[in-house]
1. Looking at Glu119, Glu185, Glu179, which one is more than 19 Å from Phe64 (Cβ to Cβ) and in contact (Cβ under 8 Å) with a residue 60 or more places away in the chain?
2. Can you say whether Met240 is touching a residue at least 40 places away in the same chain (Cβ under 8 Å) and more than 25 Å from Ile79 (Cα to Cα), as far as the supplied structure shows?
3. Would you mention how many residues in the range 172-186 are touching a Gly at 6+ places or on another chain (Cβ under 8 Å) and among the hydrophobic types (A, V, I, L, M, F, W, C)?
4. Does Ala193 satisfy the criteria of being closer than 21 Å to Gly239 by Cα and among the aliphatic types (A, V, I, L, M)?
5. If I ask for residues that are at negative phi and open to solvent by less than 30 Å² (accessible area, probe 1.4 Å), which ones from the range 198-224 would you list?
6. Name the residues in the range 131-145 that are of a type outside the set (A, V, I, L, M), within 19 Å of His229 (Cβ to Cβ) and open to solvent by 10 Å² or more (accessible area, probe 1.4 Å), would you?
7. Quick check on my filter: what residues within the range 108-121 are open to solvent by less than 80 Å² (accessible area, probe 1.4 Å) and not in a helix (DSSP H, G or I)?
8. So which strands (runs of 3 or more DSSP E) stay within the range 3-107 end to end and still have 2 or more residues that are open to solvent by less than 10 Å² (accessible area, probe 1.4 Å) and closer than 26 Å to Ala149 by Cβ?
Amino acid sequence: MPIKTLQIPTADGRADAFAAFPDRGEHHPGVLMYPDGFGIRPVLREMALELAGHGYYVLVPNLFYRHGPAPVIELPEHIGAEARPAVFAQLMPLIEAHTTERVLSDADSYLRFLTTRPEVAAGPVAVTGYCIGGLLAVRTAAAHPGQVAAVAAFHGPVSADGPDLYSKITAQVHLGHAEGDMTPEALGELNQALDAAGVGYTSEIYPGTIHGFTMSDTDAFSASGLKRHWDRLLPLLDGMANS
């Protein structure tokens with residue numbers, strides 16, 4: 001399966017990105033994948049290729065393109081506890097500068113680009129994201145209810161914008177929370193808010209996981225958590241593709 005390096009026109013310039021997709025020369029359902037805060041790196045390419053292997057065109061943008069092409073900061077091969085303070089000292093200013101206004105402007109550009117690719121099938125798309133990318137995925141689904149038919153967020157701060165965000169979502173939703181991030185009481189409150197908003201969703205705590213559990217290049221990685229992530233994500237996307 002090919003990986004193609006891309007440049008996405010945006011209101012503030014051009015976002016570097018890559019796409020992974022089957023090479024069978026046909027049209028594939030589109031998926032916008034938001035990275036975690038560490039950004040584009042080999043593990044994201046592996047995950048995009050895995051998803052592409054199931055028949056999807058997967059677009060992965062550099063969230064912090066305003067600060068330079070990916071990798072925006074130098075990352076160790078393995079992001080362990082000893083490396084995190086120095087990494088986060090560089091990352092936090094970029095994350096804080098990525099305002100909601102910028103997020104929504106970029107989402108417009110990413111979806112416009114994704115849906116006009118010759119390899120992408122007509123119809124709705126899906127959005128998925130990890131960590132801060134999970135919040136961006138939910139914001140994107142809320143801002144584009146007619147375009148986004150499925151959204152998934154993993155170990156993401158999806159409650160950060162409050163319950164009003166959920167009322168704008170028409171997509172089918174899956175939220176996979178790290179056990180270290182979400183108490184059962186907080187999960188109950190979140191799910192009540194989703195119920196009140198009329199969202200079709202699954203939302204659950206993945207047992208034995210901590211924040212970042214999907215990322216195999218970090219010490220938060222959980223093989224069982226990653227498997228559960230695929231077990232939830234693929235049926236969600238297949239439902240979107242077959243609707």
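The values are calculated or read from the model by the stated rules, or taken from the named source; none is laboratory data. Source: prediction; values computed, not measured. Heads up, the Cβs are rebuilt from the backbone with ideal geometry, glycines too, and the neighbour counts pull from every protein chain shown. Calculation scope for accessible area: heavy atoms of the full protein, side chains included, ligands and nucleic acids excluded. Shrake-Rupley method; radii C 1.70, N 1.55, O 1.52, S 1.80 Å.
1. Exactly one of Glu119, Glu185, Glu179 is more than 19 Å from Phe64 (Cβ to Cβ) and in contact (Cβ under 8 Å) with a residue 60 or more places away in the chain, namely Glu119.
2. For Met240, the condition - touching a residue at least 40 places away in the same chain (Cβ under 8 Å) and more than 25 Å from Ile79 (Cα to Cα) - is met.
3. Residues flagged as touching a Gly at 6+ places or on another chain (Cβ under 8 Å) and among the hydrophobic types (A, V, I, L, M, F, W, C) within the range 172-186 amount to 3.
4. No; evaluated as a whole, the condition is false for this residue.
5. Val199, Gly200, Ser203, Tyr206, Thr209, Phe213, Thr214, Met215, Asp217, Thr218, Ala220, Ser222
6. Across the range 131-145, the qualifying residue is only Cys131.
7. Selection gives Arg117, Glu119, Val120, Ala121.
8. 13-20, 30-34, 57-61
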